[in-house]
1. From the P(r) of segment 92-160, can you give the percent of Cα pairs sitting at distances over 14 Å?
2. Counting Lys +1, Arg +1, Asp -1, Glu -1, what net charge surrounds LYS163 among other residues with beta carbon under 15 Å of its beta carbon?
3. With a sphere of radius 11 Å drawn around the Cβ of LYS401, what net charge do the other residues whose Cβ falls strictly inside it have (Lys, Arg +1; Asp, Glu -1)?
4. If Lys and Arg each add +1 and Asp and Glu each add -1, what is the summed charge of the other residues whose beta carbon sits under 11 Å from the beta carbon of ALA80?
5. If the label point is 7 Å along Cα→Cβ of ASP152, which residues in segment 59-97 have backbone nitrogen under 19 Å from it?
6. For PHE225 paired with SER102, estimate the spin-label separation in nm (one decimal), with each label point 7 Å from Cα along the Cα-to-Cβ line.
Amino acid sequence: MTVKQILFTFWVLAANILPAQQINTAPKWGLGMNFDDEAYDAIPSAPVLQRFVEILPSSASLKSKVPTVESQGESQSCVAWALAYSLTMMEAKAKGLSDVASIDDNRLSPMFIYNHIKKPGDCRITATSLTDGLAFVKKTGVCEYKDYNPQDCNTMPPNNLLKNALEHRITGYFKLFNRSEQMLNANYTVKNVKQALLQGKPVVVGMKVSLEGFCGYHYSEETPFLDPYTSGKAYGHAMVVIGYDDEEESFELLNSFGTDWGNVGFCKMKYDDFAEDVKYGFVMYIDKALQVGGNSLATNVGFAYKKTGDLKWTSVTMRDSLGVLYLNKTLKVGDDVAFRIKPVQNTYLYILSGNTNGNLSISVPNKNPVASDSLLTFPQKNRMYIDKKGNHYLCILLATKPIDNIYQVSAETVKNAASIRNILESYFPDRILGKERIDFAVNGKKIYAESQLFSGYDILPIIIEIKGM
């Protein structure tokens, strides 16, 4: 056995019996996430619309909502830091905060979470699970950082902070991908994380990391991307995904090791490494994101089509006639069509499409609310395309409550765009908003539809007719 092999064997043995901070050189950082596949598998999947085409913006970032990067030190508190970071960012977005000073003044306390969910013992060796942390933040909440920021993990927060914590609870949390599908298809994981970021939601992830390479990572031109797990014992660590960049094919993540680690506290991971090494992914919801309804419904709709090459978002003109939008452009057989939808309020969303044979099909039977400002594209693999000469239809439905019998609607035969309106009125006579109450506006690449709600009428239909030749 060579000297190098002997040293490597010694390191592997040490890594399996010693906590992270006892091996690491200064500055010392703990890790701290327990793997719990069974608990992760039991969490319901996120209400992210997964049937959408990859016509997504080439990049997105939530970095403007990140508080000042700090270090968890030697404690095994990464789970608590990831959750507190993420919830701080979500509340900053909800409150419209845009400068670091204001975000820091409203940031939440990681140690409040950690000191409540950890088992008794030395915090340098006491790890926690993401599912335990999420359940705690949903039930109890988290107090503000300025009210509780102990320098050790033995000082429990005073009871009077529990009332403050209740003001910062999440209303729900969901997993972003199933582990079985993740292992089979890396694109599945990458796409779902992108969709969550486009909805303005930071993504809390749990990953496997190699101790020495991960804790000792520093950004440089030679190592611009982090590969968290290379070999040896797999340790668990939690971080927050805050952005993506298709040109680099990478995600950007926020860590809790302070600014001496990575690129002043941040790192970038290639999509392939991310899909391989990240085991868990969660999004959280706060009250605002799950409340559906209000006094109005409105959405922006973008339009795209292609003759050859990639789909590109296109300026459109449409005319409004009796509650139906008609595209003032005749497309050719073989052209692909796509729509991008961005609800203004939290809403339930359903999409039906119809072809020249008069058949309706449900493209998005969404059973969960879609948060305001979500950016969603339709369709995915089987694009809506002009298959033959004649009229093609798209029907977008926004609602404040679920539409339970939407599948019955899809069984009806469509004669023309106006007949879709008649079908909807026959099924939902007390819910469909009248065409006289819907305001349409077309401006460049966006279609805008809005209606005030009244007397229980809460379904806003947007019916679009496209002619093919």
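All of the numbers you see were taken from the coordinates with simple rules; none came from a lab. Computed from a predicted structure; not experimentally measured. Positions of Cβ are backbone-derived with ideal geometry, glycine not excepted, and every protein chain shown enters the neighbour counts.
1. The calculated P(r) of segment 92-160 puts 63 percent of pairs beyond 14 Å.
2. -1
3. Spelling it out: positives minus negatives among the neighbours equals -1.
4. 0
5. 72-77
6. It is 3.6 nm.
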